[in-house]
1. Using 0.36 nm times the number of residues separating R108 and V614, minus their current alpha carbon distance, what extension gain do you get?
2. Not counting ligands, DNA or RNA, and with a 1.4 Å probe, what is W60's accessible surface area in Å² rounded to the nearest 10?
3. Hey, for a label at A238 modelled as a point 7 Å past Cα toward Cβ, could you say which residues of segment 630-644 have their backbone N under 16 Å away?
4. For D388 and H447, what is the calculated FRET efficiency with R₀ set at 41 Å and r taken between the beta-carbons, to the nearest 0.05?
5. Roll a 1.4 angstrom probe over the protein heavy atoms and tell me the percent of accessible area of the chain that is carbon or sulfur.
6. Evaluate the distance, in nm, between pseudo-label points positioned 7 Å from the Cα of A144 and of I644 along their respective Cα→Cβ axes.
7. How large is the dipole of segment 99-222 about the Cα centre if only Lys and Arg carry +1 and Asp and Glu carry -1, each at its Cβ, rounded to the nearest 20 debye?
8. Over all directions, average the projected area of the Cα convex hull of segment 1-119 and note it in nm².
Amino acid sequence: MVVALFAVQALLIAPLFTGDLTHYRGSIEAAYITDARFIVDHFPDLSWNPFWYLGFPFEWFYTPLLPGVVAILGRLIGDVPAAYRLVAATGYALGPVAIYVATREIARSRTAAVFAALAFVFVPSVSYLLPGLQADGTAFSGAALPPPWRLIALVEYGEGPHVLSLSLALLALAAGVRYIRAPSGTRLLIAVAAIVVVALTNLIGVLGAAVFLALVPASERIGGRAEGRYARLFVIGALAGLLSMGWYSLGFIRAVLGFSTPGGGEGGTAYLWLPVILITALASVAWLDRRVPEGLALAVGWIAVFGAVVVARQFAGITLAPQPIRYALELDAAAAIALGIAAAWLIRRPYALRSGPIRAAANIALAAIVIAVGAGGWLSVRERLEPDPASRDWSERTVALFLSARLAPGERAYLTGDHAFWAGVFADVAQVRGGVDFAFSNPWWAHVTYQVNTGSDPDIARLWMQALPVRYIVVTGPASSEVYRDFVDPKKFDGRLPTVFDQRGVRIYEVAPIGDSRLVVARVGDLAAPTSAIDRDAISAYTNRIAGGRPASALEAHGLGAWRAEVDVRDGEQVILRQAYDTGWHARIDGRAVSVRADPIGQLLVDVPAGHHVIELEHGLHIDFIAGLAVAIATAIIWAAISIRRRMRSHA
């Protein structure tokens, strides 16, 4: 059955397995393709990525599983974008298989599992009850009954990691239920491994998997005493959490939460209500469990939690979880499980359907109706799933290749919108922003981006570009293919900066550079940091000092995150590496370790005594990342030792 379900779903999305790039340039899949290409092109030099956010520690780039798999496959077939499409499509095709396995485990009914899988594939998503999503789904498909929302999330918006993590979370749910119901060492290993795989795939999927599993002990039908069920859930969670620390370092968690918690980049307001909702759902599951068909109480609980997260944001503007609208995928999965269990129960109820042949015929008839409901929507989207055959002519590709051919070492470009997202797919283009906004080390990128895109003063923008150092500004106008159109005034730099590129609504302006774009010896340590991105006096003072600075007498790059420089320093001067400061940077002066710090605009500064010196700079893994990895390894070793000891005792 699982093979058949995978084959049916794969057939319906067959065009997704082919080609290179999507038709939808607003898709965030560009970020994951860029990450995979970076791994392929620069492995094993992966500590520092100088191409996004003025440089950032690569360990913060995202969760590693999907880009890592894409990188491996892309290296094998010689085509990273094609590898991404293969992996993302496979993750989608696993969805009905995962729903089937999860439903069969919680409901202990093959019929319920089949109907749940069919509903997941063919029935329009329950999230279409939300006005915005319904309109989006209809616009995408052109059908009154569009295919599931997760297809739009994957194809139009590029949610490959989330779609894959949903499939993996449902498999983790099944594995967790098996362990909680009948514990064994092997089942515990499978459940924990499944959750860790989810954690390494997608940040949204982590919370989704946690909610799925958190409600399971409330169901008496799982078996055993309640305290035993909760204890087993705790063991699964504790082990999975400790092992996930191999990637989820304190720095990574701080970066993610700092950007998405209340008051952060997303501006959420009510995370503390989520535990209240979970406790209410647990009580509801416990009360319903003996009153409804097996497994239905859990499905209702999941619908309540995920529905509350999505509805609260959609209708009240209340943020109960990070990026709440994305949990529409988990809501749809829970609803499909509920539909499958309810359908199987309804077919068993009538006395006339209790005979085997009649019940089989009823099952077939109902399955045919479910398929017929969704067939029209699937037929309407076939062409939209195909790759874009004209991707080689994209403006985004032309601009990326133009920049990569002209940028000198250390220089950057300023891009925004989808041109910024896609640049790294086609070439190594150092830029001010990138594709994963929480990954930055230097927070000035966001302030500068806002000023350049929306500010009315081109001179302040030019000063920032010289400081960072940016050689080219890419401006997309109304006639361009740009999806996001971030510039309030696309003509802001006309007559102010020379134009070096003007094609298809895209103009590239050149900024006169100041100082060496890689490393400068200058006196900036006594300057005050700008109070804002429009603090003209502060940024002017900084650029004047950099412009009056001197390059190193000799400078060598060793990979992406290591430099050796010979410098002549005067009293009061510092050495500035024109990349983002980060605690992972280490410096040695004439072989002696010294501390580093941020300069007034967040670039790397080294205090150096007067005279001629050799400076070595190198970026390494953060201590907290190494500590988290050590915790994960120690957990695995201790767990393995305990398991081996128990086996030896049982055979003694």
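The values are calculated or read from the model by the stated rules, or taken from the named source; none is laboratory data. Quick caveat: nothing in here was measured; it's all calculated off a predicted structure. All Cβ positions, even for glycine, are placed from backbone atoms using ideal geometry, and neighbour counts span all protein chains on display. Remember, those area values only see protein heavy atoms, side chains included, never the ligands or the DNA or RNA. Shrake-Rupley method; radii C 1.70, N 1.55, O 1.52, S 1.80 Å.
1. Values: separation 506, 0.36 × 506 = 182.16 nm, distance 6.95 nm.
Fully extending the segment from R108 to V614 adds 175.2 nm.
2. 30
3. Zone members listed by number: 632, 634-643.
4. Values: r = 34 Å, r/R0 = 0.84.
The calculated FRET efficiency here is 0.75.
5. Numbers: 16630 of 26270 Å².
So the carbon and sulfur contribution to the accessible surface is 63 percent.
6. The modelled label-to-label distance comes out at 6.6 nm.
7. On the way: 8 positive and 5 negative charges, 124 e Å.
I would put it at about 600 debye.
8. Working: hull surface 36.9 nm².
Its average projected convex-hull area is 9.2 nm².
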